[in-house]
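Read-outs: derived from the displayed coordinates by stated rules, not from any lab. None of the values given here were measured: they were computed from a predicted structure. Here the Cβ positions follow ideal geometry from the backbone for every residue, glycine too, while neighbour counts run over all protein chains shown.
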Amino acid sequence: MNAPLNEREKALMGMGESRLRKEDARFIQGKGNYVDDIKLPGMLHMDIVRASVAHARIKRINKEAALKIPGVIAVLTAEDLKPLKLHWMPTLAGDVQAVLADEKVHFQMQEVAVVIAEDRYAAADGVEAVEVEYEELVAVVDPFEALKPDAPVLREDLLGKTEGAHGKRYHPNHIFTWDAGDKEATDAAFASAPVTVTQDMFYPRVHPCPLETCGAVASFDPVRGELTTWLTSQAPHVVRTVVSMLSGIPESKVRIISPDIGGGFGNKVPIYPGYVCAIVASIVLGRPVKWVEDRIENLSSTGFARDYHMTGELAATADGKILALRTNVIADHGAFDACADPSKFPAGMFHICTGSYDIKAAYCKVDGVYTNKAPGGVAYRCSFRVTEAVYLVERMIDVLAQKLNIDKAVIRSRNFIQEEQFPYRSATGFDYDSGNYQPALDKALAAVDYAGLRAEQAAKRADPDCPTLMGIGLVTFTEVVGAGPSKICDILGVGMFDSCEIRVHPTGSAIARMGTISQGQGHQTTYAQIIATELGLSSELIQVEEGDTHTAPYGLGTYGSRSTPVAGAAIAMAARKIHAKAKKIAAHLLEVSEADLEWEIDRFKLRGNDDKFKTMKDIAWAAYNQPPPGLEPGLEAVHYYDPPNFTFPFGAYVCVVDIDKGTGETKIRRFYALDDCGTRINPMIIEGQIHGGLTEGFAVAMGQLLSFDKQGNIQGNSLMDYFLPTAVETPHWETDFTVTPSPHHPLGAKGVAESPHVASIPTFSNAMVDAFAHLGVTHFDMPYSAFRVWKQLKASGIAH
Amino acid sequence: MEVNIDKQYPVAAGLDCAWQVLSDVTALATCMPGAQITEQVDATHYKGSVKVKVGPAVAAFAGDIELLAIDPATRTLTLLGKGADKSGSSASMRLEASLVAAEDGSSTLVGKAAVIINGKFAQFGGRMMASVSDVILAQFAVTFSQKAQALQEAADAERVAAATATATATAAEGSTASAAASTPASTPSPAKPAAAISAPKELNALALVWMMLRNFLAGLFGRKA
């Protein structure tokens, strides 16, 4: 007797089910295995001597005192790395970065020397004992100052180089000029437009601040000539390739393992000097070396995000139809260009800045600049500068609405790309796969009673005794994720495909290995659900393995919301190869032709006959033990998926804030987030991802900031100052969704982890500015700490 | 980071005595908690050291002091101090200190300083730097005043001695004059006993925190009042 279809389907716990996270059992019991949990016999410990000043020449480094400390084994400086040609290393952005400061220090907390010792304490004492003498130079922390004719030259190693990795450099502190769109057409549209608006805005330097900091355990076996390194990396295969190229060790003898990772958010994409030094130390000393940075080191020296000084312009008709968008950006990249973008895109996907709107002419230009700050420019829970782009367009459309006195929801509807326009070619060259924006906005407005909120706001503005300012923020965003088609997307020449290998065992369980690596996304849970639905095997029987380059197929890793759009597609394609072979085997077992078979949840059955069938479990056994003549035994497949296009998730967010007129304290009264990420694989995990993304968006908008004083001293690089919201500060999130599948993705899925971060930040800003809109305020910069809001209240003559 | 200080402190001594202390760089340095001159290189160059705690950062600065200008006429001293400590902080200070007379015959120390701090101090101490320097300078001023006062009392003692000498000589003509002479106008009032003048040791963190807390509370009540 066959179980009913719905029961058989439920039993698979496949796509669409809110399957509980398989990772959590070990995490909540403290049984995770992170880099710092790795302990090897004879393991040494490394600590880093860091620059105390932002810009200086190194007069001398004295190791003597450090080497006298019991337990200290070695102190390495740039001089020691020179013979190995490892004192500088290539960055992902085509620049070079000092592994250890070579004669000159370019930013405070830069790596100057490393101390290797028998234990962590001796290493720390050694760091204290290393004496570095500096000849201080004038530090440049402001990119506009850096571009002045008489500005000090920061990168003397590049002197005279007028060609950078991304074209002409017009100033010694200039890195690149990158643009997209049609300048002439855009300028023409502005010249003849009835209405234009312009707005300067600064997207401050922030840091992803993952709970687990960066670290590595390098173990070189001098006998076998093999290097194994456990590393906090979001892209272990790329690290393997780079390490092999730098060290000369064949890639087959380099094994990179990303174990459990405690959050990445882009911070764990770059290759850091600490990794390289630990590896070099292990090769030189022939013993395992562990390096794990502390919180201050993480915040001060590893990949920051944003730091974009943006000027936005819109040209429009009198009734608010946008005719053209123009934007100019000065991008502060710090001391070395170590952005983690696809190599051909030095400003990432910033040219998505036309957003959800049908704008016929657009032109964006970004100039990268060197300053005496830490290098970075990573995609903090976003897809390569999409956050900056969405912020720009969603702020600008509000600025236009205020200028024309048009409702902020109405002006968005007026400019949406219409459903029938998809696939849509944007003015900057993106091919939007699918979208349906108006229904999403309508659903959001209805959910929060937008009309009612505006009425309440009007009443409060009319009442001089009202103690608060009320602001309503709207955002209707479109993101571009899933990098990406290898014809345009590569990192150091490696195409941005991803991969999956599935092996079904004789008894009907399976293991899948991926080129990606989870940092909390729940891959082990969701990937198994995809396979369960594709192959009709219970997800409980499917193991998912990632992060070990010795066992996993080559992939570009997890960042930029690419796991589901790229690796998820690879899973489906690999599973379908297995599915095709399984059908041949089923036909052989049932002694019918493949044409007479139909697939039903977990089995092939004779069309129209429920009693003549073979389940995937039966087929798995047969695949090994009684394959059809001429068909090789086994049931496994590998697929490398090179996406034909990006995916374009979208959504509609609403935020309501109440600002205390006296203190500037801001209360997030309500936050509603509607996301459309196409096909939904695990609604519970999507919910969790959205909560996480919204919370990190809240953090950036309301408090996170890496600031520097005039001398380049980083201010507030500990959690005493750097805002990391907990359940205490975090507002209540209301989530919702629509489903508009991607036409080109095998599953129709688009990716979701980043949308809530990317889109919530401008929603907060739009709400904060909206609170002041009736006072003529069109913009004020994040983060909206009570003090900064209070200053705006004073400037607007409200607080005294 | 930059801290600009512009402060005035009462000195329980007349201009001349106060100037004696101010113009003697070595003596001046010892007024600074935890500071001392370790070597005089030449007429205008000295080597010195100072120990300070700010929040989690402790620093033992060793550095150079250059006497830029010393003007007895205006009783103004200008000096430049630069120092670094091994644990990764560096600081420079341009100080202009001058003395002005107060009505009661005592004097006032006017200090203008531009301090630039780099490294750990600037990273972690930033928030506290202003209040810490207040406390340090307050201690500096107290010690300075004590040293000057000691000189003043010594000077007064001599003058009194001299006066009594003449008085006894002309005893017949009555002692009114000597009475007058024995209370020189320049004596600061009220004269405090300058018994123990000990240059403060390295500023201890607990005391520092306590003083800052006290100032903070004082500030609170000040606002209420």
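Rank these for me by crowding, A:Thr354, A:Thr564, going from fewest to most other beta carbons within 10 Å.
A:Thr354, A:Thr564
How large is the direction-averaged shadow of the alpha-carbon convex hull of segment A:430-526, in nm²?
Result: 12.8 nm².
Taking 0.36 nm per residue of sequence separation and subtracting the Cα-Cα distance, how much length would be gained by fully extending the chain between A:Asp221 and A:Leu67, in nm to one decimal?
52.9 nm
Under Stokes-Einstein, with the Kirkwood radius over Cα pairs standing in for Rh, what whole-number D in µm²/s applies to segment B:22-113 at 10 °C and 1.306 mPa s?
After rounding, the answer is 112 µm²/s.
Just give me a number: lysine pairs in segment A:1-97, eight or more positions apart or cross-chain, with C-alpha atoms less than 29 Å apart.
Step by step, the pairs that qualify in segment A:1-97 add up to 13.
Please give the peptides A:75-82, A:44-51, A:690-697 ranked by average Cβ packing (other Cβ atoms within 10 Å per residue), highest first, as a rough proxy for protection. Kindly include the intermediate steps, with their values, before the conclusion.
Values: A:75-82: 19.5, A:44-51: 25.2, A:690-697: 23.2.
Per-residue mean Cβ counts within 10 Å order the peptides as A:44-51, A:690-697, A:75-82.
What is the Å³ per residue value for the convex hull set by the Cα atoms of segment A:277-428?
157 Å³
P(r) of segment A:151-298 in 5 Å steps, Cα pairs, percent per bin?
So the P(r) values, bin by bin, are 2, 8, 12, 12, 11, 12, 13, 11, 6, 5, 4, 2, 1, 1, 0, 0.
Taking 0.36 nm per intervening residue step and subtracting the Cα-Cα distance, what contour gain separates A:His691 from A:Glu156 on full extension?
Taking A:His691 through A:Glu156 to full extension adds about 188.1 nm, to one decimal.
Past 27 Å, Cα to Cα: identify those pairs from A:Lys373/A:Lys661; A:Lys104/A:Lys168; A:Lys344/A:Lys750; A:Lys104/B:Lys82; A:Lys268/B:Lys53, in the order given.
Check vs 27 Å cut-off fails for A:Lys373/A:Lys661; A:Lys268/B:Lys53.
Rg and Dmax of segment A:709-751 over Cα atoms: what are they, in angstrom?
Rg and Dmax of segment A:709-751, Cα atoms, are 20.4, 53 Å.
Determine the calculated [θ] at 222 nm for chain A from helices alone, applying -39500 (n - 2.57) to every DSSP H run no shorter than 4 residues and normalising by the residue count; nearest 500 deg cm²/dmol.
-8500 deg cm²/dmol
Would you please calculate the Kirkwood hydrodynamic radius of segment A:81-232 over all C-alpha pairs and express it in Å, rounded to one decimal? Can you show the working numbers first?
Working: mean 1/r = 0.0484 Å⁻¹.
The Cα-based Kirkwood calculation yields 20.6 Å.
Any idea what the dipole of segment A:289-418 comes to, in debye rounded to 20, about its Cα centre with Lys/Arg Cβ at +1 and Asp/Glu Cβ at -1? Mind dumping the intermediate values first?
Working: 16 positive and 15 negative charges, 72 e Å.
Approximately 340 debye in magnitude.
Could the peptides A:437-446, A:366-375 be put in order, highest first, of the mean number of other beta-carbon atoms found within 10 Å of their residues?
So the order, starting with the most tightly packed, is A:366-375, A:437-446.
Which net charge results when you count Lys and Arg as +1 and Asp and Glu as -1 among the other residues whose beta-carbon is under 14 Å from that of A:Thr387?
Within the 14 Å Cβ shell, the charges total -2.
Using just the Cα positions, wrap segment A:645-751 in a convex hull and report its mean projected area in square nanometres, one decimal place. Walk me through the numbers before you get to the answer.
Details: hull surface 39.9 nm².
Result: a mean projected hull area of 10.0 nm².
Quick check: residue separation of A:Lys794 and A:Gln543 times 0.36 nm, minus the Cα distance between them. What number comes out in nm? Display every interim value, and only then the final one.
Values: separation 251, 0.36 × 251 = 90.36 nm, distance 5.88 nm.
Here the answer is 84.5 nm.
Ratio of segment A:639-708's C-alpha Rg to 2.2 N^0.38 Å, to two decimals?
The value comes to 1.55.
Computed FRET efficiency, Cβ-Cβ of B:Thr44 and A:Glu734, R0 56 Å: what is it to the nearest 0.05?
After rounding to 0.05, the efficiency reads 0.20.
If you project the alpha carbons of segment B:4-45 onto their three principal axes, what span does each projection cover, largest first, in Å?
Principal extents (Cα only, largest first): 31, 26, 18 Å.
Mind ordering B:40-52, A:211-223 by average Cβ neighbours within 10 Å, highest first?
On the way: B:40-52: 15.7, A:211-223: 19.8.
Packing order, densest peptide first, comes out as A:211-223, B:40-52.
Place a +1 charge on the Cβ of each Lys and Arg in chain A and a -1 charge on the Cβ of each Asp and Glu, then give the dipole magnitude about the Cα centre in debye, rounded to the nearest 20. Walk me through the numbers before you get to the answer.
Numbers: 77 positive and 99 negative charges, 100 e Å.
In total the dipole reaches around 480 debye.
I need two numbers for segment A:507-646: Rg to one decimal and Dmax as a whole number, Cα atoms only, in Å.
Cα only, segment A:507-646: 16.0, 48 Å (Rg, Dmax).
In segment A:413-442, which residues have a backbone nitrogen under 12 Å from the label point lying 7 Å from A:Ala185's Cα in the Cα-to-Cβ direction?
What the label zone holds, given the 12 Å backbone N cut-off, is A:425-430.
For an R0 of 41 angstrom, estimate the FRET efficiency from the Cβ-Cβ distance between A:Gln421 and A:Ala11 and round to the nearest 0.05. Working shown, then result.
Values: r = 42 Å, r/R0 = 1.03.
Result of the calculation: an efficiency of 0.45.
Net charge around B:Glu96, counting only other residues with Cβ within less than 13 Å of its Cβ (Lys, Arg = +1; Asp, Glu = -1)? List each step's numbers first, then the result.
Working: positive: B:Lys7, B:Arg75, B:Arg94, B:Lys112; negative: B:Asp6, B:Asp71.
That works out to +2.
Under 18 Å from the 7 Å Cα→Cβ point of B:Trp210, by amide nitrogen: which residues of segment B:32-53?
Residues passing the 18 Å test: B:33-34, B:53.
Largest first and to the nearest Å, give the Cα extent of segment A:702-779 along each principal axis.
Cα extents, longest axis first: 53, 36, 28 Å.
Taking every residue in B:99-105, how many Cβ atoms of other protein chains lie within 10 Å of its Cβ, on average? Could the numbers behind the result be given before it?
Values: counts 0, 0, 0, 0, 0, 0, 0.
Partner Cβ neighbours, averaged per residue: 0.
What is the calculated FRET efficiency for A:Asp442 to A:Ser718, with r their C-beta to C-beta distance and R₀ = 51 Å, to the nearest 0.05?
That gives a FRET efficiency of 0.65.
Kindly provide the pair-distance distribution of the protein assembly as shown built from C-alpha pairs, with 20 Å bins from 0 and whole-percent values in order of increasing distance.
12, 36, 31, 14, 5, 2, 0, 0
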